[in-house]
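Colleague: Just passing along the structure, written as structure tokens.
The values are calculated or read from the model by the stated rules, or taken from the named source; none is laboratory data. Remember, it's a predicted structure, so these values are computed and weren't measured experimentally. Positions of Cβ are generated from backbone atoms using ideal geometry, with glycine treated the same way; all protein chains shown enter the neighbour counts.
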Amino acid sequence: MDPPGKRRPPGEDDDLEAEAIKRQRISDGEEDEEGGGEEGTDAAALPGLAVYKDDDDEEEEGAGRREQWMGQENDRGETIENGGGQVRVGAGDEEVMEALHQKDASRPPAPVRQQRQVERRRDCPYLDTVNRQVLDFDFEKFCSISLSNLNVYACLVCGKYYQGRGLNSHAHTHSLEAGHHVYINLQTEKVYCLPDGYEIDDPSLDDIRHVLNPRFSREQVLHLDENRQWSRALDGSNYPPGMVGLNNIKETDFVNVTIQSLMRVTPLRNFFLIPENYQHSKSPLVQRFGELTRKIWHARNFKGQVSPHEFLQAVMKASNKRFQIGVQSDPVEFISWLLNTLHAQLRHSKKKDRSIIYDCFQGELEVVKEIQKKPLIEKNDNDDEENKVLVAEGGSSNDSVVRETSKVPFLMLGLDLPPPPLFKDAMEKNIIPQVPLFNILKKFDGETVTEVVRPCIARMRYRVTRLPKYFILHMRRFTKNNFFVEKNPTLVNFPVKNLELKDYIPLPPPKVKKKLRSKYDLIANIVHDGKPGEGCYRVFVQRKSEELWFEMQDLHVNETLPQMVALSEAYMQIYEQQE
């Protein structure tokens, strides 16, 4: 025993006990070795000695270190808990086992980690440091240092994203280095003061939460087209909600004009303004499209523009980089892919083949296909070319045509433009031809024949049997050959209001007690400017509440006249069915 008044330093008891066990095991091994034989040889294989292991708790205690005494396994023995580790001793070591049991009984129980209680305060002295002009929640929620998307906070002073708020986290370090103390969790929308760690409960921060995650009630959505008020951004500029510019990240104008056009489709917009309508879908593309829709129509944005960065990232991933940033693409191909992908990811099951996409845009065509059968060639005995006889399969030459009729659903219709003139006029200038929209719509009257060569030579007749609520028309201006892409400059004369289709397309009679709705109004018109493969896209859209037309090209939004819409080189149009 130690003399009274003299205390051993901490950790010396553990060292003495480890040394005692070591001597006991060595002595047991020597006795077995003296006994000889195979059993003694096996017993001579001593187990490893006890080792120490570090356990760092970075979240709660930083770099604190605890030593644990770990034992190894012997051929015979009993496992005893020792300070969080385990040690295995022989069956005859009663004294060592008793000493370890007494030590464990005298050791205080290990502390149980409890959930951290966060204080909530309203009197934060740093609220005046919040700078709303630098806040931008349009980009991906990644930490600017670790590039992690877990537990990300936005600094409300400088606008940068950082991960975590505990000790040694990037947000905690930034608060100490830069003196920025107010942070918002981008997932839970809770605001904290760092490094103090308390939650700020102040209603003056609600406008930031609404910009981070815009919300609409069902009543607000129903009266959205009746709102004529303009909103004011923090920089003093005015903008109409729903008519904000979209940032062109790099050659993404084909995405911008498509999004601006789809925002005029009222049922589609109303559906995506309420997240509960599509909460069953786990698709990132659906969620990002809904977020972008809510940001465009939000009336309390800090800026009069929105960046579709997160939506573009979801598009790149969902399309396997078929559409990507920095590569110009065709808006017709993009809207076709987008509508079909959204439909596939919105429907509840494969059996229920309905969604908001099909409810808005799906129509039906009757296609009559006439295929000429291959003739059989019979040769006479004299194998001359002149004496060949053509015999059609299945009988006489009158029966050599096979006619197939089918019903085909469609989301958009492609219209063929007449070829441009080959020669110049007397003034050495090319004549820009014009064609009425009704002339190129005759393709779908059920009588006009269209020759096709792929997949086989056939004569096609098309007739619209069911009109959709929103009619998408696509003018085929670009033609490809083996050498280059050619653009057709033909102007299409189309009405902006009251497009009557029943006078040019024979439609089936409506059902009982239903009125034939064949009148349409233009709501979006996409235009291509420049050479094929180059150039840019812009779009004319209508604001229903004021019946005004706006020309939109990326961030530029200008009011225009309806007559200017009709003079443009239309590439894709969306018509809305009149009630």
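Colleague: In this structure, is residue 346 surrounded by 16 or more Cβ atoms within 10 Å (Cβ to Cβ), in contact (Cβ under 8 Å) with a residue 12 or more places away in the chain and closer than 27 Å to residue 527 by Cβ?
Modeller: Values: surrounded by 16 or more Cβ atoms within 10 Å (Cβ to Cβ): yes; in contact (Cβ under 8 Å) with a residue 12 or more places away in the chain: yes; closer than 27 Å to residue 527 by Cβ: no.
No.
Colleague: Might you let me know whether region 242-258 holds any residue that is without any contact (Cβ under 8 Å) to a residue 40 or more places away in the chain, among the aliphatic types (A, V, I, L, M) and in contact with a Ser or Thr (Cβ under 9 Å, 6 or more places away or on another chain)? Step through it out loud before you land on a result.
Modeller: Applying the first criterion (without any contact (Cβ under 8 Å) to a residue 40 or more places away in the chain) to region 242-258 yields none.
The answer is no; no qualifying residue exists.
Colleague: When the residues of region 326-343 are narrowed to those that are among the hydrophobic types (A, V, I, L, M, F, W, C) and crowded, with 16+ Cβ neighbours inside 10 Å, which ends up farthest from the chain's Cα centre (by Cα)?
Modeller: Just the residues of region 326-343 that are among the hydrophobic types (A, V, I, L, M, F, W, C), to begin with: 327, 332, 334-335, 337-339, 342.
Filter once more, keeping what is crowded, with 16+ Cβ neighbours inside 10 Å: 332, 334-335, 337-339, 342.
Values: 332: 20, 334: 14, 335: 15, 337: 14, 338: 11, 339: 14, 342: 11 Å.
Ranking the qualifying residues of region 326-343, first place goes to 332.
Colleague: Select from region 152-177 the residues that are outside any loop (DSSP other than H, G, I, E, B) and under 24 Å from the mean Cα position of the chain (by Cα) and write down the one among them that is surrounded by the most Cβ atoms within 10 Å (Cβ to Cβ). Write out each step before concluding.
Modeller: Within region 152-177, the first condition is being outside any loop (DSSP other than H, G, I, E, B), and the residues that meet it are 152-155, 161-163, 170-177.
Those still in the list that are under 24 Å from the mean Cα position of the chain (by Cα) too: 152-154, 161-163.
Working: 152: 23, 153: 29, 154: 23, 161: 23, 162: 26, 163: 20.
Filtering first and then ranking leaves 153.
Colleague: Pairs under 6 Å by beta carbon, first residue within 20 Å of residue 578 (Cα to Cα) in region 452-479, partner in a strand (DSSP E or B) and among the aromatic types (Phe, Trp, Tyr), six or more apart or different chains?
Modeller: Partner pairs satisfying both residue conditions: 471/520; 471/575.
Colleague: While we're looking at this one, here's another question. Considering 165, 132, which residue is within 14 Å of residue 198 (Cα to Cα), of a type in the set (Lys, Arg) and outside the structural domain of residue 290 (by TED's automatic domain parsing)?
Modeller: Details: 132 fails: within 14 Å of residue 198 (Cα to Cα).
Answer to the check: 165.
Colleague: On the given criteria, is residue 189 surrounded by fewer than 17 Cβ atoms within 10 Å (Cβ to Cβ) and over 27 Å from residue 160 (Cα atoms)? Don't jump to the end; show me each part of the working.
Modeller: Working: surrounded by fewer than 17 Cβ atoms within 10 Å (Cβ to Cβ): yes; over 27 Å from residue 160 (Cα atoms): no.
It is false that residue 189 is surrounded by fewer than 17 Cβ atoms within 10 Å (Cβ to Cβ) and over 27 Å from residue 160 (Cα atoms).
Colleague: Keeping to region 553-564, report how many residues are crowded, with 16+ Cβ neighbours inside 10 Å and either over 22 Å from residue 476 (Cα atoms) or modelled with pLDDT under 90 (or both). Even if it seems obvious, please write down each step before you answer.
Modeller: If we filter region 553-564 for residues that are crowded, with 16+ Cβ neighbours inside 10 Å, which is where we start, we get 553-554, 557.
Filter once more, so that each one left must be either over 22 Å from residue 476 (Cα atoms) or modelled with pLDDT under 90 (or both): 554, 557.
So the answer is 2.
Colleague: Is it the case that region 119-130 has a residue that's acidic (Asp, Glu), part of a loop (DSSP other than H, G, I, E, B) and free of Cβ contacts under 8 Å to residues at least 60 places away in the same chain?
Modeller: Residues of region 119-130 acidic (Asp, Glu): 119, 123, 128.
Among the residues that remain, those that are also part of a loop (DSSP other than H, G, I, E, B) are: 119, 123.
Of the ones still in play, those that are also free of Cβ contacts under 8 Å to residues at least 60 places away in the same chain are 123.
Scanning region 119-130, I find at least one residue that is acidic (Asp, Glu), part of a loop (DSSP other than H, G, I, E, B) and free of Cβ contacts under 8 Å to residues at least 60 places away in the same chain, so the answer is yes.
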